[in-house]
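The values are calculated or read from the model by the stated rules, or taken from the named source; none is laboratory data. These figures come from a predicted structure and were not determined experimentally. Every residue, glycine as well, gets a Cβ built from its backbone with ideal geometry; the counts of neighbours run over all protein chains shown.
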Amino acid sequence: MATDTPSRPKLLVGGEWVSPLGQDEIEVVSPVTEQVVGRAAAAGAADMDRAVRAARKAFDDGVWRDSTPAERGAILARAADILAERADEISELITLENGSPVVLGGPLQVGPVLDCLRYYAELASTFDFERELTDEAGSTLATLEPAGVVVAVTPWNAPLLVAIAKIAPAIVAGCAVVLKPAPETPLSSYFLAEALYAAGLPHGLLSVVPAGREAGEQLVAHPGVDKVSFTGSTAAGRRVMAIAADRIARVTLELGGKSAAVILDDADVDTVVAPMVTGAMMLSGQICIAQTRILAPRSRYDEIVRAVSDAARAQVVGAPSEPATWVGPLVAERQRERVEGYIRSGLEEGAKIATGGGRPPHLPSGWYIEPTVFYDVRNSMRIAREEIFGPVLAVIPYDDDDDAAYLANDSDFGLYGGVWTADEHRGLAFARRIRAGTVNINASTPARGTAAGGFKQSGIGRELGREGLKEYLELRSIVKPRR
């Protein structure tokens, strides 16, 4: 192993660096070179128990729980400043771990993390944690109390952003947190904990325990855990929900999506298609909000297929370290095999490929897939119904607005959606018909402070925004005697 290979041989448990109780190690493999580029200690069941016990003790002693939200928010603000000074270092490490192009370092991997910290730092001082309810029967003091010990299980695609979307509101609420990052990105996750402790977070309130699925399930099942916040696939979310149900632990689940981008018949194709496709190809399509199911009016179907294909071919595919690259590698060999399996499935079911479908010939190493566009797609096909998590788009024709709304909603998912139109008023009316947690009009990404979450099998609960803070609070009613 080269001397400059990043390594974390210890776990961060309750603010203390400790040796793991087992011998397992996580190897971080570059999606570009397919070589080991880092190592991290892997937590086992005993380490998970140690982290939960540290969190339980820190929460139950009441000091943090009884601190003011403004005091907690001040720590977040200081942590944001500390992380900002290391922004380039953080971005480079995430690129090394998961192949995220450097061009996304600011807009996806680091910038929103700082925004999230500062948002909740401000919200801590303005959010109404108590209110008095009075009627003819008397009065009740309604208080919002911290949920307790929180387990945060995060994915590899935007490791710090998803983690801080859970940690920041949990801290403002007064909770203690055990973070289990994905084994693909164990190294970058430590930046958050180091910054928060340097900003004044009391010891015991945050642990970082990278691990695989088995140890993660043991953490979710721990009787000392009050709340589980999970982001990942719908299949894994079902398992988390089943484990938590055994003791009726609270859960927030932000799961998969198969988001529809509806191009209305009045849209200027030259204007809307380029940003739509660029957004869908972000992080090589490995992002839950990607609008990969493009619904096009039948009257303009051929025109839109050509435009989408041209836009897909225009995406720069290459090494994530190159500033011009927008589409980098998939995170792992298994992920590329999964995407290639869907491409074969699409062809077998009768869809046709307008562009892409293979591996880029100029990139002999690394887990790359060409930006791919399918046409003649029916909404019943697997490529239209299942989350591929790769740079694969399906263009589906519709007859009229009613048909478009039906197709957009004819999905097991309801995470995200988009309406692309020349008339924003018409776009708003159509957006109201889509059953999804977020619907954008002429855009691919949500605005700051927007709550995220889905309908149907896209999850339970919300993250980010004011609603994201409520997920870490329990309502208590104190009934006062009548005078």
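Note on the range 116-140: among residues that are surrounded by 14 or more Cβ atoms within 10 Å (Cβ to Cβ) and modelled with pLDDT under 95, the one that is farthest from residue 182 (Cα to Cα) is 139. With the condition kept exactly as written, say whether any residue in the range 7-16 is within 30 Å of residue 223 (Cα to Cα) and either free of Cβ contacts under 8 Å to residues at least 40 places away in the same chain or assigned to a helix (DSSP H, G or I) (or both). The answer is yes; a qualifying residue exists. On the stretch given as the range 17-46, residues that are more than 25 Å from residue 99 (Cβ to Cβ) and in contact with a helix residue (DSSP H, G or I) (Cβ under 8 Å, 6 or more places away or on another chain) total 6.
Table: residues versus (1) outside any loop (DSSP other than H, G, I, E, B); (2) over 20 Å from residue 421 (Cα atoms); (3) free of Cβ contacts under 8 Å to residues at least 24 places away in the same chain.
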| site | (1), (2), (3) |
| --- | --- |
| 267 | no, no, no |
| 272 | yes, no, no |
| 291 | no, no, no |
| 295 | yes, no, no |
| 304 | yes, no, no |
| 321 | no, yes, no |
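Scanning the range 234-255 for residues that are surrounded by 19 or more Cβ atoms within 10 Å (Cβ to Cβ), more than 17 Å from the chain's Cα centre (by Cα) and assigned to a loop (DSSP other than H, G, I, E, B) turns up just one, 249. Within the range 202-233, the set of residues being crowded, with 21+ Cβ neighbours inside 10 Å and either in contact with a His (Cβ under 8 Å, 6 or more places away or on another chain) or assigned to a helix (DSSP H, G or I) (or both) comprises 215, 216, 219, 220.
The criterion of being among the hydrophobic types (A, V, I, L, M, F, W, C), farther than 30 Å from residue 354 by Cβ and modelled with pLDDT of 95 or more does not hold for residue 404. Exactly one residue among 113, 32, 52 is in a helix (DSSP H, G or I), out of contact with any strand residue (DSSP E or B) (no Cβ under 9 Å at 6 or more places or on another chain) and crowded, with 17+ Cβ neighbours inside 10 Å, and that residue is 113. Just give me the residues in the range 70-110 being among the acidic types (Asp, Glu) and part of a helix (DSSP H, G or I), in sequence order. Those that are among the acidic types (Asp, Glu) and part of a helix (DSSP H, G or I): 71, 81, 88, 89, 92, 97. Of the residues screened, residue 356 is not one that is over 27 Å from the mean Cα position of the chain (by Cα) and on the phi > 0 side of the Ramachandran plot.
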